[in-house]
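The values are calculated or read from the model by the stated rules, or taken from the named source; none is laboratory data. All of these numbers come straight from a predicted model, not from anything done at the bench. So basically every Cβ, Gly included, is an ideal-geometry build from the backbone, and we count neighbours across all protein chains shown. Accessible surface is based on the protein model in full, side chains and every heavy atom, while ligands, DNA and RNA are left aside. Shrake-Rupley method; radii C 1.70, N 1.55, O 1.52, S 1.80 Å.
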Amino acid sequence: MASNNNHLKIHQHLKVVPPLSSTQTTTTTIPLTFLDIWWLRFHPVERLFFYTLPISQSHPSFFFQNLVPILKSSLSLTLQHFLPLAGKIIWPLDSSKPYIQFNSNDDDYGVSLLMAESNSDFNHLIQNSTKVTSSSRSFIPVLESTDLFASIVSIQITLFPRNGFSIGISTHHAVLDGKSSTMFVKAWAYLCKNIIETKESPILLPELEPLLDRESMKDRDGLSDTLTKNWVNAISKMFPNEKGNEKSLKILPFEPKLEDYVRATFELKREDLNKIKESVLSKSEIFNTNEPKAKSLSSFVLTCAYTLVCVAKAIQEIQNERKKFAFLFTIDCRARLEPPIASNYFGNCVLAYFVNTQPLDFIDEDGVCLVAKCIHEKIKMVIENDVLEGAKDEPSKFTSLMKEGYEIIGVAGSNRFDVYESDFGWGRPEKVEIVSIDRGLTIGLAESKDGRGGIEIGLVLDNHVMDVFSTLFLQGLNLY
């Protein structure tokens, strides 16, 4: 059966469930914490892993008859550890808050798995070079959501005959953050690889065993209710048609930017980051501040500052008007709550924060230094004080900045997730891509594939803006 996309052939669509013995006649509900509710109707996080295979293993008959069953069985075993993913989010009329429910007798129980085949150019897809934005969308599954319920995870495995395959994963942000979703992928990869090598079902490594207990995430000062109310108000302002439909679980329409937009990956190597750091630190004393001069800056700060300035200047040059910019990023709160949460906590434990920059800092001659300084100071302030302080005000700040015409630039992923370590038994990924950055103006981050301390940067921009950005990005590194 062929899909509407001429390059994609659908082989099978099914639900994968945990082993029946572990969940037979089980109905369980799991609450959403105040940090989960923050992301309740946010668009899914969509990530794509590309793997190469020998020609013999990437023949359709061999791949679907021999390799896919291993991927399916290992996925089922993984779900035994990650049971919430096999359920769905619901919000009954008689409940003040939504929650996760899974029922082993429900026909919709399990994770949607789509098996497909594509004749697209695999070698082109795994390159960092510019490509049309839609080129990656065919390999990402739809995450189902309606007014009444929302699925949590959807997966698509796509074969590229004679080359390799991809695993596309779409996850609901209200159930798991980036650290949790990559933990799930690594657990699946670990079990799959061990089944291939030992023919047995291995025990999951302790660091890959998720902590599902949400009781450890204590609400404070009614923050859950406040955040829920503030997000409802923010949504009604951003999407007026949603007013009066506050309990809907349908994901908000942050549609991908496809027409006239392109996708590309850039890299800052360790030596590039060192040169940027030296430049920023050498200039930091020229700015009036009561803060002590930073002695070092993280790779995250340096990467974001450099990329943000290049993006802002490229937009400014093409649109030919003075625009205001703001940067929104997230911080993992696991180790920063009172009491701290275990590093393997499975759920959302991130909060979003705006950086206290001036709107035109991003296009200033010393923009990289200004923005790096502001990001560094914001992170320092958050981690040295109460990480939850001011969290309830961020939704209203978001809508206010949008109303004032700001270009809000976000960030997804992290160079600390080690996504290139996700080996399912056929080698490390050739390419990992955050596809969902095309749903907004967002920087996608991952560690460099070579493991030498660099950072990969994924971007989706208007094609003219991308041309200017590429020039600014590459030429700027030669100036340090």
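Within the stretch 254-266, take every residue that is aromatic (Phe, Trp, Tyr) and open to solvent by 30 Å² or more (accessible area, probe 1.4 Å) and give me the one that is modelled with the highest pLDDT. The residue in question is Tyr261.
Looking at Glu404, Glu421, Glu433, which one is of a type in the set (D, E, K, R) and touching a strand residue (DSSP E or B) at 6+ places or on another chain (Cβ under 6 Å)? Break it down into steps so the answer makes sense when it comes.
Working: Glu404 fails: touching a strand residue (DSSP E or B) at 6+ places or on another chain (Cβ under 6 Å); Glu421 fails: touching a strand residue (DSSP E or B) at 6+ places or on another chain (Cβ under 6 Å).
Residue meeting the stated conditions: Glu433.
Being more than 26 Å from Asp386 (Cβ to Cβ), in contact with a helix residue (DSSP H, G or I) (Cβ under 8 Å, 6 or more places away or on another chain) and open to solvent by less than 10 Å² (accessible area, probe 1.4 Å): is that true of Phe362 here? The answer is yes for Phe362. The residues of the stretch 375-408 that are part of a loop (DSSP other than H, G, I, E, B) and over 29 Å from Lys277 (Cα atoms), listed by number, are Leu388, Glu389, Gly390, Glu404, Gly405. In the stretch 130-144, the residues that are within 12 Å of Asp438 (Cα to Cα) form Cβ pairs under 6 Å with partners that are surrounded by fewer than 20 Cβ atoms within 10 Å (Cβ to Cβ), at six or more places apart or across chains, as follows: Thr133/Leu258; Thr133/Tyr261; Ser134/Leu258.
Given the condition in a loop (DSSP other than H, G, I, E, B) and over 16 Å from Glu421 (Cα atoms), answer yes or no: does some residue in the stretch 187-200 qualify? Show your work before the answer.
Here is the first cut: in the stretch 187-200, the residues in a loop (DSSP other than H, G, I, E, B) are 199-200.
Now restrict to residues that are over 16 Å from Glu421 (Cα atoms): 199-200.
Checked the stretch 187-200: at least one residue is in a loop (DSSP other than H, G, I, E, B) and over 16 Å from Glu421 (Cα atoms).
When Ala342, Ala391, Ala352 are checked against the criterion of being touching a strand residue (DSSP E or B) at 6+ places or on another chain (Cβ under 9 Å), modelled with pLDDT under 95, open to solvent by 20 Å² or more (accessible area, probe 1.4 Å) and of a type in the set (Gly, Ala, Ser), Ala342 stands alone in meeting it.
Pairs are defined by a Cβ separation below 9 Å, a sequence spacing of at least 6 or placement on different chains, a first member in the stretch 287-305 that is at pLDDT below 95, and a second member that is open to solvent by 60 Å² or more (accessible area, probe 1.4 Å); the pairs so defined are Glu291/Lys380; Lys293/Glu285; Ala294/Lys380. Return a yes/no flag: does the stretch 17-29 have any residue that is modelled with pLDDT under 95, part of a helix (DSSP H, G or I) and surrounded by 23 or more Cβ atoms within 10 Å (Cβ to Cβ). No: zero hits. Considering only the stretch 239-253, state which residues are in a helix (DSSP H, G or I), touching a helix residue (DSSP H, G or I) at 6+ places or on another chain (Cβ under 8 Å) and modelled with pLDDT of 75 or more. Residues satisfying the conditions do not exist here. Screening Arg41 against (1) under 30 Å from Lys392 (Cα atoms); (2) in a strand (DSSP E or B) leaves a single unmet condition, (2).
Within the option set Phe122, Phe50, being in contact with a Ser or Thr (Cβ under 9 Å, 6 or more places away or on another chain), more than 27 Å from Thr198 (Cβ to Cβ) and crowded, with 20+ Cβ neighbours inside 10 Å holds for one residue only, Phe122.
Considering the conditions (1) within 27 Å of Val435 (Cβ to Cβ); (2) at pLDDT below 75; (3) open to solvent by 70 Å² or more (accessible area, probe 1.4 Å), Trp231 is excluded by exactly one of them, (3).
Of all residues being among the small types (Gly, Ala, Ser), in a loop (DSSP other than H, G, I, E, B) and under 30 Å from Thr226 (Cα atoms) in the stretch 84-113, which is modelled with the lowest pLDDT? Just the residue, please.
Pass one, the stretch 84-113, residues among the small types (Gly, Ala, Ser): 86-87, 95-96, 104, 110, 112.
Now restrict to residues that are in a loop (DSSP other than H, G, I, E, B): 87, 95-96, 104, 110.
Next, from what is left, pick out any that are under 30 Å from Thr226 (Cα atoms): 87, 95-96.
Details: Gly87: 94, Ser95: 89, Ser96: 82.
Out of the qualifying residues, it is Ser96.
Being under 22 Å from the mean Cα position of the chain (by Cα), surrounded by 16 or more Cβ atoms within 10 Å (Cβ to Cβ) and modelled with pLDDT of 95 or more is the requirement here; does Ala116 meet it?
On the way: under 22 Å from the mean Cα position of the chain (by Cα): no; surrounded by 16 or more Cβ atoms within 10 Å (Cβ to Cβ): yes; modelled with pLDDT of 95 or more: yes.
When the stated conditions are applied, Ala116 does not pass them.
If the condition is being open to solvent by 60 Å² or more (accessible area, probe 1.4 Å) and touching a His at 6+ places or on another chain (Cβ under 8 Å), then the stretch 194-221 contributes only Glu209. Among residues of the stretch 80-91 that are charged (D, E, K, R), those with a Cβ under 7 angstrom from a residue that is open to solvent by less than 10 Å² (accessible area, probe 1.4 Å) and modelled with pLDDT of 95 or more, sequence gap 6+ or separate chain, pair up as Lys88/Ala150; Lys88/Ile152. For residues in the stretch 24-74 being among the small types (Gly, Ala, Ser) and closer than 25 Å to Glu144 by Cβ, which is farthest from the chain's Cα centre (by Cα)? Selected residue: Ser73.
Under the condition of being open to solvent by less than 20 Å² (accessible area, probe 1.4 Å) and part of a loop (DSSP other than H, G, I, E, B), the residues counted in the stretch 409-439 number 3. On the stretch given as the stretch 331-374, residues that are in a loop (DSSP other than H, G, I, E, B) and aromatic (Phe, Trp, Tyr) total 1. Residues in the stretch 83-113 that are within 24 Å of the chain's Cα centre (by Cα) and open to solvent by 30 Å² or more (accessible area, probe 1.4 Å): Leu83, Lys88, Tyr99, Gln101. Considering (1) open to solvent by 10 Å² or more (accessible area, probe 1.4 Å); (2) assigned to a loop (DSSP other than H, G, I, E, B), the lone condition that Ala174 does not fulfil carries the number (1).
As a summary of the residue check, Gln80 satisfies the conditions (1) within 25 Å of Thr182 (Cα to Cα); (2) crowded, with 21+ Cβ neighbours inside 10 Å except for the one numbered (2).
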